[in-house]
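Below: one structure, written as structure tokens.
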Amino acid sequence: MIEFEVKQRKLTIGKRKGETAYFAVPKSGQRMTNRMVIDRIVRETSLSAGDVSSALISLAAIVRDAMLMGQSVDLGELGSFRISVPSRMMSNVKEVTVDCLKTPKIIFTPRAAMRAAAGAVELSVDNPHNRKSKASSGGTVPTPPGGGGSPGSGGGSDDGL
């Protein structure tokens, strides 16, 4: 589950300049460390921690070398990595040189199972303005103007209800 909290920011540009906007941000940086990955693979296989660590180091080197050669790398059920180098549009064919190429980017394309896992993650927004007030007799805390919704929080549940 990814838990979010509500933050606010005064907008400084655009049509809504000067208005206060509310948005959801993750509460904590939930992360699985390299050590945690190694330990999990050790538990699920007959490999030693040293073998797994060496394999991960080798994998990183192989992917890096492939990227340097402009190759894509297919990692099976995980997905694939490739380099993308966009080009600026030029009005004259003679202007198309290496200088019109933008900064190379690494693109990761997950396989269907990975995309399904991302789509199935449970989301929760901890919004104190949507919780029932414990101090009052069944009343609710007023919501900010616009109903208290936050951009990007659609599709998630609300812990406070």
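The values are calculated or read from the model by the stated rules, or taken from the named source; none is laboratory data. On a predicted model such as this, the values are computed, not experimentally measured, just so you know. Cβ atoms come from the backbone with ideal geometry, glycine included; neighbour counts cover every protein chain shown. For accessibility, only protein heavy atoms count, side chains too; no ligands or nucleic acids. Shrake-Rupley method; radii C 1.70, N 1.55, O 1.52, S 1.80 Å.
Worth a mention:
- For residue 131, the accessible surface of its heavy atoms amounts to roughly 90 Å² (probe 1.4 Å, protein chains only, rounded to the nearest 10).
- Net charge, residue 108 excluded, C-beta distance under 13 Å - Lys, Arg +1, Asp, Glu -1: +3
- Accessible-area composition of the range 51-109, carbon plus sulfur, in percent [1.4 Å probe]: 60 percent
- Residue-level accessible surface for residue 17, protein heavy atoms, 1.4 Å, Å²: 140 Å²
- Net charge, residue 82 excluded, C-beta distance under 11 Å - Lys, Arg +1, Asp, Glu -1: 0
- In the context of the full protein assembly, residue 95 retains an accessible surface of approximately 80 Å², using a probe radius of 1.4 Å and ignoring ligands and nucleic acids.
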